[in-house]
Amino acid sequence: MIKRLLAFVISLITVQVIAQNPVISTKDFASEIKSNKNLVIVDVNAPEIYAKQHIQGAINLFFRELYQPNAVEGKLKPASELAAILGKKGISNTAKIVVYENESNKHNNRVWWILKSLGAKDVWTLHVDAKTFATAQIAMNSVPATAKPTTFTVTDSPYKSLTMEDVKNLPKGTLLLDGREKEEFEGVDAARKSKGHIPGAVWMNYREVLTSTGAFKTKDEIVAAAAKYGATPEKPIVVYCNSGVKASTLLVGLKEIAGFQNVQYYGGSYADWSSNPSNPIVK
């Protein structure tokens with residue numbers, strides 16, 4: 001128990017050192033395309049969406065390719081398998097990588113976290129907005145792009161996911177935020193098969209850190225939004241959702257943009273928690 005608490009505290013201290021804003025603006029992205037010939041653009045949309053239209057030169061890496069089949073929803077493949085997939089796609093851990101998707105602007109944040117957790121050093125997330133893209137003259141097409149296979153070397157990273165046991169033994173005073181839809185939190189969403197939430201969790205929909213177009217709010221706006229749920233910059237916080245996707249957006253908003261010092265990520269989220277029949281669930 002003491003070892004777990006010490007590990008948790010050490011990880012929080014580490015988080016304070018690494019936080020930065022990983023969101024790249026359309027203007028800066030356009031500049032990178034022109035000046036950085038080695039820029040790796042990763043489109044995480046489903047193949048059929050990618051085939052219709054994507055940023056010119058973008059590699060398609062459907063986020064579900066990174067998940068284990070026939071397992072708890074959202075459970076990632078082993079690091080060695082993920083590295084092999086990334087290397088085959090032409091993505092190395094040393095490249096400058098920009099990740100995006102067309103619709104919800106949340107799966108890109110999940111893939112951003114996965115890349116960071118594997119040790120990628122220079123990863124950015126991009127919000128796709130038709131107006132700004134037109135202004136910046138970013139070329140779009142439907143021609144599939146490929147990159148020369150490379151090596152993605154997994155290295156140690158402070159971007160780690162808490163385990164189920166970690167969540168069971170959170171230090172007193174930690175705020176557990178559930179980023180799902182309210183119906184899921186309350187256990188009345190039959191479609192998502194949610195029976196409720198992890199005991200002690202507070203509901204804060206992931207959209208609280210986003211604007212109406214799906215872009216991230218400013219630092220001050222996120223701080224104000226989070227305060228309504230008892231989340232403050234110094235408070236120990238753990239974010240989760242159903243399978244780690246929406247929680248990754250909360251993580252980026254709170255920790256990377258707003259600068260909250262002590263934010264941790266339960267990647268397995270409700271899917272992992274509810275996979276153990278002995279774990280309590282509050283409706």
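The values are calculated or read from the model by the stated rules, or taken from the named source; none is laboratory data. It should be emphasised that the depicted structure is a prediction, and the values quoted were computed from it without experimental measurement. Note that we place each Cβ from the backbone using ideal geometry, even for glycine, and neighbour counts take in every protein chain shown.
In the stretch 144-179, which residues are among the polar types (S, T, N, Q), closer than 30 Å to A46 by Cβ, modelled with pLDDT of 95 or more and assigned to a loop (DSSP other than H, G, I, E, B)?
Answer for the stretch 144-179, where residues must be among the polar types (S, T, N, Q), closer than 30 Å to A46 by Cβ, modelled with pLDDT of 95 or more and assigned to a loop (DSSP other than H, G, I, E, B): T150, T151, T153, T155, S157, T163.
Name the residue that is nearest to Y67 (Cα to Cα), counting only residues in the stretch 106-163 that are touching an Asp or Glu at 6+ places or on another chain (Cβ under 8 Å) and not polar (S, T, N, Q).
Result: H107.
Quick check on the stretch 21-58: of everything there that is crowded, with 19+ Cβ neighbours inside 10 Å, touching an Asp or Glu at 6+ places or on another chain (Cβ under 7 Å) and hydrophobic (A, V, I, L, M, F, W, C), which residue is farthest from G90 (Cα to Cα)?
Restricting to residues being crowded, with 19+ Cβ neighbours inside 10 Å, touching an Asp or Glu at 6+ places or on another chain (Cβ under 7 Å) and hydrophobic (A, V, I, L, M, F, W, C), the top hit is I55.
I'd like the full set of residues that are out of contact with any Ser or Thr (no Cβ under 8 Å at 6 or more places or on another chain), part of a loop (DSSP other than H, G, I, E, B) and over 21 Å from K283 (Cα atoms), limited to the stretch 194-218.
Result: T211, S212, T213, A215, T218.
Taking the residues in the stretch 59-74 that are among the charged types (D, E, K, R) and surrounded by fewer than 18 Cβ atoms within 10 Å (Cβ to Cβ) as candidates, determine which candidate is farthest from N108 (Cα to Cα).
E65
In the list E184, E221, which residue meets the criterion of being in a helix (DSSP H, G or I), in contact (Cβ under 8 Å) with a residue 40 or more places away in the chain and not hydrophobic (A, V, I, L, M, F, W, C)? I'd like the intermediate steps shown before the answer.
On the way: E221 fails: in contact (Cβ under 8 Å) with a residue 40 or more places away in the chain.
After ruling out the rest, the residue left standing is E184.
Looking at V111, V128, can you tell me which residue is part of a helix (DSSP H, G or I) and in contact with a strand residue (DSSP E or B) (Cβ under 6 Å, 6 or more places away or on another chain)?
V111
State whether one or more residues within the stretch 134-144 are under 24 Å from the mean Cα position of the chain (by Cα) and touching a residue at least 60 places away in the same chain (Cβ under 8 Å). Walk me through how you get there before you give the answer.
Just the residues of the stretch 134-144 that are under 24 Å from the mean Cα position of the chain (by Cα), to begin with: none.
No: the stretch 134-144 contains no residue that is under 24 Å from the mean Cα position of the chain (by Cα) and touching a residue at least 60 places away in the same chain (Cβ under 8 Å).
Tell me which helices (runs of 4 or more DSSP H) are completely within the stretch 1-52 and hold 2 or more residues being out of contact with any Ser or Thr (no Cβ under 7 Å at 6 or more places or on another chain), closer than 30 Å to T146 by Cβ and modelled with pLDDT of 90 or more, or say none if there are none.
Details: elements: 2-18, 26-35, 47-52.
Here the list reads 26-35, 47-52.
Taking the stretch 85-108, which residues are of a type outside the set (S, T, N, Q), in contact with a Phe, Trp or Tyr (Cβ under 8 Å, 6 or more places away or on another chain) and either surrounded by fewer than 20 Cβ atoms within 10 Å (Cβ to Cβ) or outside any loop (DSSP other than H, G, I, E, B) (or both)?
If the condition is that a residue be of a type outside the set (S, T, N, Q), in contact with a Phe, Trp or Tyr (Cβ under 8 Å, 6 or more places away or on another chain) and either surrounded by fewer than 20 Cβ atoms within 10 Å (Cβ to Cβ) or outside any loop (DSSP other than H, G, I, E, B) (or both), then L86, G87, K96, I97, V98, V99, H107 are the ones that fit.
Return the pairs, sorted by first residue and then second, in which the second residue is surrounded by fewer than 18 Cβ atoms within 10 Å (Cβ to Cβ) and of a type in the set (S, T, Y), the first residue lies in the stretch 203-217 and is under 12 Å from N105 (Cβ atoms) and assigned by TED's automatic domain parsing to the domain that holds L251, the beta carbons are less than 8 Å apart, and the residues are 6+ apart or on different chains.
Final answer for the pair search is G214/S104.
Please find, within the stretch 241-280, the residue that is nearest to V167 (Cα to Cα) out of those that are assigned to a loop (DSSP other than H, G, I, E, B) and touching a Leu at 6+ places or on another chain (Cβ under 9 Å).
Narrowing the stretch 241-280 to residues assigned to a loop (DSSP other than H, G, I, E, B): 241-244, 258-262, 266-268, 275-280.
Checking which are touching a Leu at 6+ places or on another chain (Cβ under 9 Å) leaves us with 241, 244, 260-262, 266-268.
On the way: C241: 13, G244: 14, F260: 19, Q261: 18, N262: 15, Y266: 8, G267: 11, G268: 11 Å.
It comes out as Y266.
Residues to consider are K52, K34, K121; find the one that is without any contact (Cβ under 8 Å) to a residue 12 or more places away in the chain and of a type in the set (D, E, K, R).
Answer to the selection: K34.
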